[in-house]
Structure formats: C-alpha cells, structure tokens
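Since the structure comes first, as structure tokens, the remarks are kept for the end.
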Amino acid sequence: MNGFLAAQPVTGLWKAIDHETGKARSIVEIYKEGTKVYGKIVKVLNKENPEALRCDDCPEPWAEKPIIGLQIIRGLEKDEDGWYADDAIIDPERNKVYDCRIWREGDILKVRGYIGWFYATQEWHAAK
C-alpha cells in the first residue's frame, strides 16, 4: 500500500455494502480508542423495526445484543503496511466472526473478513 493511502483516516461514518447483493445494509461508525480502531452499527437500512433487531444466534460477547449500537469491529491496530488488522469483525446477519483488515482507498473503505486463507472484501462508502 502506498504512503498516501495508508495516511488516509478510516474513522467516520460508512455505509456498509453487502458484497453479495450490492445493497446498503447499515451505517457503521468507525472510531479510535487509543491506538485501536472499532466500529459500531449506528443505523440499520432497509429493515422494518430496526430497533427491535438483536444478534440472536451470535457468539459471545455479541449474543442477544441489539443490532443498533453493536460493536462489529473490535480492536484493530495499524500494521507495517498501514492497514488496520487483526482482532475481529462479526457479520450479525450470518452470525459469523472473522479476522479483519480494513484500509481506505479514496472515499471507499475496504473491509476484508478472513477465515483461514478464504476471504471476502466489501466496499463501504462514506456516509453523508
């Protein structure tokens, strides 16, 4: 990754786009605490009664928590390539936890979830 891209902040509000359907799923706030990056769902899109949605079949520590306010990205730290990586991201619709890596390319936030050698990358758009 070049230095310019690594220098772009990943914090802010992002529209999470499902990589399979291409549809916006939620608005996620990415924020820093110390040197680590976290993300939480602040708005659910295209669902009836989003305030009632819960992470029903999710593992701990996400189990049974409301989707709005759910911390889906946990404890990512910047690596030598300028990516934020390691800890975890959860997909509450699929009840799966993945290793995670995020980086920014212009107005796009790339969010990659890994299980072993397999991965999928979503492109999240800056929410306005």
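I'd like to check something: does region 59-73 contain any residue that is modelled with pLDDT under 90 and open to solvent by 60 Å² or more (accessible area, probe 1.4 Å)? Yes - at least one qualifying residue is present in region 59-73. Looking at region 2-11, is at least one residue modelled with pLDDT of 90 or more and either basic (Lys, Arg) or closer than 25 Å to residue 118 by Cα (or both)? Yes, there is a match, as at least one residue in region 2-11 is modelled with pLDDT of 90 or more and either basic (Lys, Arg) or closer than 25 Å to residue 118 by Cα (or both).
One residue stands out in region 89-99 among those that are in a strand (DSSP E or B) and closer than 23 Å to residue 45 by Cα: the one that is most open to solvent (accessible area, probe 1.4 Å), namely 96.
Taking region 67-85 only, how many residues are out of contact with any strand residue (DSSP E or B) (no Cβ under 6 Å at 6 or more places or on another chain) and free of Cβ contacts under 8 Å to residues at least 24 places away in the same chain? Matching residues across region 67-85 total 1. Suppose we filter 103, 83 for residues that are open to solvent by 40 Å² or more (accessible area, probe 1.4 Å), hydrophobic (A, V, I, L, M, F, W, C) and in contact with a Lys or Arg (Cβ under 6 Å, 6 or more places away or on another chain); which single one remains? Matching residue, one of 103, 83: 83.
The values are calculated or read from the model by the stated rules, or taken from the named source; none is laboratory data. All values reported here derive from a predicted model rather than from experimental measurement. Using ideal geometry, Cβ is built from the backbone for each residue, glycine included, and neighbour counts are taken over all protein chains shown. Quick note on the areas: whole protein, heavy atoms, side chains included, nothing else; ligands and nucleic acids left out. Shrake-Rupley method; radii C 1.70, N 1.55, O 1.52, S 1.80 Å.
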